[in-house]
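The block underneath contains the structure these notes are about, expressed in structure tokens.
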Amino acid sequence: MTVALSSRSTRAAAALTAAAALLTLSACGSSSKSAAPASSASSSASSSSSSAAGSPAVTGKITVFAAASLQQVFTTLGKEFEAAHPGAKVSFNFSGSGTLAASITAGAPADVFAAASNGTMQTVTKAGDNAAAPVTFTKNILEIAVAPGNPKHITSLADLTKPGLKVALCAATEPCGAAAVTALADAGVKLKPTTYEQDVTSAQNVVQEGEVDASLVYRTNVLGAGGKIDGVNFATAAAAVTDYPIAVLKDAPNSAGGQAFIDFVLSAQGQQVLTAAGFEQP
């Protein structure tokens, strides 16, 4: 009896062992099936990464013709753009918008034109030298630039007509000059300046160097001067706000790079740099 009992126990143990083995195999099969979607997701992510990596890199020289009032802020934007695109190099030509527009229509090679007025940009668009419609990327506003401490006590545009006061304006063909004409007309002020300057940077410099007592420049010029001049707000400045349009040029040697630079200027990062420099939101 004892031996028979032992035999049944042995058979039962063998059956239990076989059942456990089947359960283990079943569990392994189930695990293998559940792992399949993860493998598929990993493959999809890898494919997506490869697709992103396959986007054309921004490389080569990008030539930007930009209004003189953009010199400081665009120099900063250029450095940040190059940091984001190590294969690219941004080269700038800063001058009066009218001068730059004339160069472009005469065939000067450039990828991007950033003007300080829609009127100046129209010189380029009417000649068919832009590849795409210009986009306004920022705005600027005029201030009266005076020596530090405002020694002549200038508080309004009317004060610019005081006897003996030397005043500079931008040439009327330049956006800063056109904006000054509008602001003076709205204020009912008739002013005969001592000098007309070729661009807003020159109008800023003649005040800094003491050649004149005041000039009409952009707010960004005052902020960028680092305390070398002071700025005086005036009532009709809002009527002469300057729009800044930007566009890729038709015969751009590096049109892809030019568009990438414009996209960067319009990005949140680019707009933050512009606002910090005193420019207005477009």
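The values are calculated or read from the model by the stated rules, or taken from the named source; none is laboratory data. Just so we're clear, the structure is a prediction, and the values are computed from it rather than from any experiment. Note: areas computed on protein heavy atoms with side chains; ligands, DNA, RNA excluded. Shrake-Rupley method; radii C 1.70, N 1.55, O 1.52, S 1.80 Å.
A few notes on this one:
- Only protein heavy atoms count here; on that basis, with a 1.4 Å probe, residue 80 has an accessible area of about 60 Å².
- Cα-based shape type of region 94-135, given that a ≥ b ≥ c are square roots of the gyration tensor eigenvalues and the cut on a/c is 1.5: rounded
- The order of 230, 129 by accessible area, most exposed first and with a 1.4 Å probe, is 230, 129.
- Alpha carbon Rg of region 51-181, scaled by the compact-globule rule 2.2 N^0.38 Å: 1.35
- Solvent-accessible surface (1.4 angstrom probe) belonging to residue 62, in square angstrom, nearest 10: 0
- Relative contact order of region 150-282, pairs being alpha-carbon contacts under 8 Å that are 6 or more residues apart, as %: 25
- List 211, 82, 280, ordered by accessible area with a 1.4 Å probe, largest first: 211, 280, 82
- Taking a straight line from the alpha carbon of residue 152, these lysines sit under 26 Å away, with near neighbours fewer than eight places off in the same chain left out: 162, 166, 190, 192, 228.
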